[in-house]
Amino acid sequence: MKIKSLITLSTIALLLAGTATGCSSAASSSGKGLEENAEAGTLTIGISYDRPGLGIKNPDGSFKGFDVDVAKYVAAKLGVKESGITWKEAPPAQRENLIQNGQVDYIVNTYSINDARKERVAFAGPYFLAGQSLLVRADNTDITGPESLNGGKKLCSVTGSTPAQNIKKNYSKDAQLQEYDSPSACVEALKSGAVDAMTTDDSQLAGYASVNQGKLKLVGRTFSKENYGIGLKKDDSSGRAKINGAIEAMIKDGSWAKAFETNLGPSGYPLPAAPVVDRY
């Protein structure tokens, strides 16, 4: 009986020790907050790797684009040098999970602010105002706007984004939606003839048109308003306030307009009005 009791007590002790270790591990894997990471001189920032003019990964491993410049400016205002930034690809379908799981401190990736997303994450900004448009092959003549996608035309959009659903709901109910994991996959499908048009925001489409001159073109007017925000954890009101301050400073000191002209100006996309930050 004594031996059995000793074995039982030993087993319980081991289980308790294992539970304590597990709790400690879970706590350490939860990660630090945005401001705490910034104070340590490091930030992990989510961006796109394949959106020309906005966020692109270069062959040498560096990154460039308007969103990249915004992300770096904000980081600098938070006290983090570019060398302290870890870049992480943030596909549209994964953005909320990346933020909620603490895999990024914030995301700057053509992230449209809407009520559904605000249920899961917070937004600083907006830092840019865009509008939905259409990209087609350069020789196309029958697609002139969202209404002309009726008749079963194939429309490409990125999984997890909202533009294609907007067209199907409000303009062309029988358009055939084709969703791909990335914008570049949509562009290739359009060039190959697998789809008839691609939709997303005009700022993004302008970048693809500029690197595919003679092959692709924008058509029609914009037919929505998209406010790009910087996504971060929902309960981080202090971090959001600091990022909002950085956005306002970037607009005021001319860095915002310079970043636009450098990255999106060459595509012919006109400089839009600077946004007004919404401190909700």
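Key figures
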quantity: Scope the stretch 147-201; condition of a type in the set (Asp, Glu) and under 25 Å from VAL211 (Cβ atoms); matching residues; calculated: GLU179, ASP181, GLU188, ASP196, ASP201
quantity: Identity of the residue in the stretch 109-137, open to solvent by less than 40 Å² (accessible area, probe 1.4 Å) and aliphatic (A, V, I, L, M), that ends up farthest from the chain's Cα centre (by Cα); calculated: VAL136
quantity: Every pair of residues 6+ apart whose Cβ atoms lie under 8 Å, when the first sits in the stretch 133-144 and is in a strand (DSSP E or B) while the second is small (Gly, Ala, Ser); calculated: SER133/GLY220; LEU134/GLY145; LEU134/ALA197; LEU134/GLY220; LEU135/ALA197; LEU135/ALA209; VAL136/ALA197; ARG137/GLY193
quantity: Residue ID - farthest from the chain's Cα centre (by Cα), chosen from residues in the stretch 19-47 that are modelled with pLDDT of 95 or more and assigned to a loop (DSSP other than H, G, I, E, B); calculated: ALA40
quantity: Residue match in the stretch 124-141 (condition: in contact with a strand residue (DSSP E or B) (Cβ under 7 Å, 6 or more places away or on another chain), over 28 Å from LYS57 (Cβ atoms) and at pLDDT 90 or above); calculated: no
quantity: Counted residues, the stretch 64-93 - those being of a type outside the set (Gly, Ala, Ser), modelled with pLDDT of 95 or more and more than 24 Å from ALA274 (Cα to Cα); calculated: 8
quantity: Positions within the stretch 212-228 being crowded, with 18+ Cβ neighbours inside 10 Å and either farther than 24 Å from PRO146 by Cβ or of a type in the set (Asp, Glu) (or both), in sequence order; calculated: GLU226
quantity: Residue in the stretch 200-218 that is under 20 Å from the mean Cα position of the chain (by Cα), more than 23 Å from GLU179 (Cα to Cα) and among the β-branched types (Val, Ile, Thr) present; calculated: no
quantity: Every pair of residues 6+ apart whose Cβ atoms lie under 6 Å, when the first sits in the stretch 210-232 and is assigned to a strand (DSSP E or B) while the second is polar (S, T, N, Q); calculated: LEU218/SER133; VAL219/THR144; GLU226/SER112; TYR228/THR110
quantity: From LEU271, LEU264, residue being modelled with pLDDT under 95 and within 20 Å of the chain's Cα centre (by Cα); calculated: LEU264
quantity: Scan of the stretch 80-108 for residues that are open to solvent by less than 60 Å² (accessible area, probe 1.4 Å), farther than 17 Å from ALA122 by Cα and outside any strand (DSSP E or B), ordered by number; calculated: VAL80, GLY84, PRO91
quantity: Exclusive hit being under 21 Å from ILE99 (Cβ atoms), open to solvent by less than 60 Å² (accessible area, probe 1.4 Å) and assigned to a helix (DSSP H, G or I), set ALA246, ALA257, ALA185; calculated: ALA246
quantity: Enumeration of residues in the stretch 49-63 that are at pLDDT 95 or above, open to solvent by 10 Å² or more (accessible area, probe 1.4 Å) and of a type in the set (Gly, Ala, Ser); calculated: GLY61, SER62
quantity: Meets criteria (outside any helix (DSSP H, G or I), polar (S, T, N, Q) and open to solvent by less than 10 Å² (accessible area, probe 1.4 Å)) for THR199; calculated: yes
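The values are calculated or read from the model by the stated rules, or taken from the named source; none is laboratory data. Worth saying up front: this structure is predicted, and the values here are computed from it rather than measured. Cβ atoms come from the backbone with ideal geometry, glycine included; neighbour counts cover every protein chain shown. Calculation scope for accessible area: heavy atoms of the full protein, side chains included, ligands and nucleic acids excluded. Shrake-Rupley method; radii C 1.70, N 1.55, O 1.52, S 1.80 Å.
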